[in-house]
Amino acid sequence: MEYVKRYGTAAVLAAVVAVTGCGTSPAAPPDDSGLSVPPTPGTPTPGTPTPGTDRPAPQEVLVEVVVNGGFAGVRNKLVVHYDGSYELRKGTGKPTSGRMTEAQAAELRAALEDPAYAKVPDRPTGSPAPDGFEYSVTHAHRVVVTRDGEDRPPALDRVFRALPGGHPPTAP
């Protein structure tokens, strides 16, 4: 306590910041040699839009749909990228992949960017159907959860119809 009185609160705070590193930039990731190397200026990092454009990188995730439940206890995951490529994993099986046509990918992007989709409730609002499925749809850091047996907003149905196969992956 005598130290605080003698040197002042500001000095103690400055010492804490200096020791803990608060307020400093994060270290650059190590390269193959294990040394930290700052990113080259003007080089986009993976998963970020290219500078000067509003378009995300082709392999950036557009939407992720996880389906759980049903009589068989399904757990499927569909990941669709902006370029229309996708991976589907059913249960613990090996993932399969495919590619939507440009028109199909554009329809899915339009359905997800529709202002009506932004108004879809984030959480279920009704009672689930016995042995029904629960669907988690993640797009642009937002998760929408819905279940069979509930009234599904038309904007969410549009997203489901635009997915590869025309619906969420419910088959075991």
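Any read-out appearing in this document is the output of simple, stated calculations on the displayed coordinates, not a laboratory observation. Note that this is a predicted model, so its numbers are computed, not measured. Neighbour counts run over all protein chains shown; Cβ positions are idealised from the backbone, glycine included.
For region 56-68, filtering for residues that are assigned to a strand (DSSP E or B) and charged (D, E, K, R) leaves 1. Taken across region 108-124, residues that are without any contact (Cβ under 8 Å) to a residue 24 or more places away in the chain and within 14 Å of GLY166 (Cα to Cα) do not occur at all.
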